[in-house]
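So the structure is just underneath, and the comments pick up after that.
Rule-based calculations on the coordinates, nothing more; no lab input. Predicted model only: the values in this text are computed from it and were never measured. Reconstructed Cβ throughout: ideal geometry from the backbone, glycine too, with neighbour counts over all protein chains shown.
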Ligand code: SF4
């Protein structure tokens with residue numbers, strides 16, 4: 001079996017402990033208005049134009065985004081980075097897109113990684129069947145789990161899907177005994193209001209007895225907007241501005257005051 005991956009990031013330090021290799025898997029069932037990974041949305045390989053500049057001249061060459069990898073290919077890549085991974089107590093992270101969309105391949109890759117002694121992490125929107133999550137829990141050491149909005153109608157408006165199953169999966173993972181890091185994208189004007197942040201804080205506090213390790217507040221950034229043009233997808237985040245540093249400091253304090261371990265950034 002093979003999985004479709006659009007990027008392999010070596011020496012990654014934001015997707016779990018230590019130095020890691022992160023595999024970004026193609027396909028996402030969500031359609032968040034602030035998404036900065038448009039190359040991860042389609043579940044298919046895509047050919048786009050890459051612009052190369054030589055002096056004053058620009059040349060356009062085709063670039064295929066999405067390449068098939070087997071679990072053995074994944075292990076071979078990890079093997080090359082094993083010194084950094086071992087010395088830093090790092091590992092491997094599967095991200096996306098939404099890695100659960102290729103659940104069968106993900107399961108096979110995670111099993112292979114665990115059999116070879118790697119620390120494994122899955123970075124997920126939480127949108128998948130509960131059975132799929134149950135099947136990967138034994139082979140996953142850490143879940144990086146997004147909570148985007150607590151109000152279901154607003155969640156549907158902003159991401160295209162309901163949050164009901166996502167929150168059920170959050171509770172499942174929390175009770176699994178595996179490490180859990182919650183990630184909240186902070187999107188000014190969309191989910192950073194007091195009501196939503198208070199609701200999220202309440203959710204985290206009432207369920208803190210599980211394996212919740214840390215909360216990451218991820219400020220919106222504009223780096224993805226240039227990619228939309230390349231992929232010929234309308235960019236809907238044009239009018240959103242990154243949150244101010246002051247806003248991030250205030251939010252960090254808001255969650256820290258409730259006893260949560262908080263980090264700003266990935
Ligand atoms: S879940 Fe992530 S990859 Fe999927 S649309 Fe939202 S921001 Fe993009």
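Helix-only estimate, please: 222 nm mean residue ellipticity of the chain, summing -39500 (n - 2.57) across DSSP H runs of length 4 or more and dividing by its residues, to the nearest 500.
The helix-only estimate for the chain comes to -9500 deg cm²/dmol at 222 nm.
If you count the DSSP beta bridges with both ends in region 1-121, what percent of them are antiparallel, to the nearest 5?
Numbers: 18 of 27 bridges.
Restricted to region 1-121, the bridges split so that about 65 percent are antiparallel.
What ranking do 148, 253, 222 get, fewest neighbouring Cβ atoms within 10 angstrom at the top?
Arranged by neighbour count, lowest to highest, 148, 253, 222 become 253, 222, 148.
Stokes-Einstein at 37 °C, 0.692 mPa s, Kirkwood radius from Cα pairs: D for the chain in µm² s⁻¹?
The estimated diffusion coefficient comes to 170 µm²/s.
Output the relative contact order of the chain, whole-number percent, from Cα pairs under 8 angstrom with separation of 6+ residues.
18 percent
Modelled label-to-label distance, residue 53 and residue 202, 7 Å Cα→beta-carbon offset: nm?
Placing both labels 7 Å along Cα→Cβ, they lie 5.1 nm apart.
For the residues 50, 10, what sequence is obtained by ranking on other C-beta atoms within 10 Å, fewest first? It would help to have the intermediate numbers written out before the result.
Numbers: 50 11, 10 14.
Least crowded to most crowded, the residues run 50, 10.
If a/c stays under 1.5 just call it rounded; otherwise compare a/b with b/c (prolate if a/b is bigger, oblate if not). Do that for region 37-81, with a ≥ b ≥ c from the square roots of the Cα gyration tensor eigenvalues.
Oblate shape, in that a/c is at least 1.5 and b/c is the bigger or equal ratio.
Dividing the convex hull volume of the Cα atoms of region 123-266 by its residue count, what figure in Å³ per residue is obtained?
Details: hull volume 17.3 nm³, N = 144.
Considering the Cα atoms of region 123-266, their hull volume per residue is 120 Å³.
Using the count of nearby Cβ atoms within 10 Å as a rough guide to exposure, how do 1, 248 rank from fewest to most?
Values: 1 11, 248 18.
Neighbour counts put them in this order, fewest first: 1, 248.
Looking at the chain, what % of its DSSP beta bridges pair antiparallel, to the nearest 5?
40 percent
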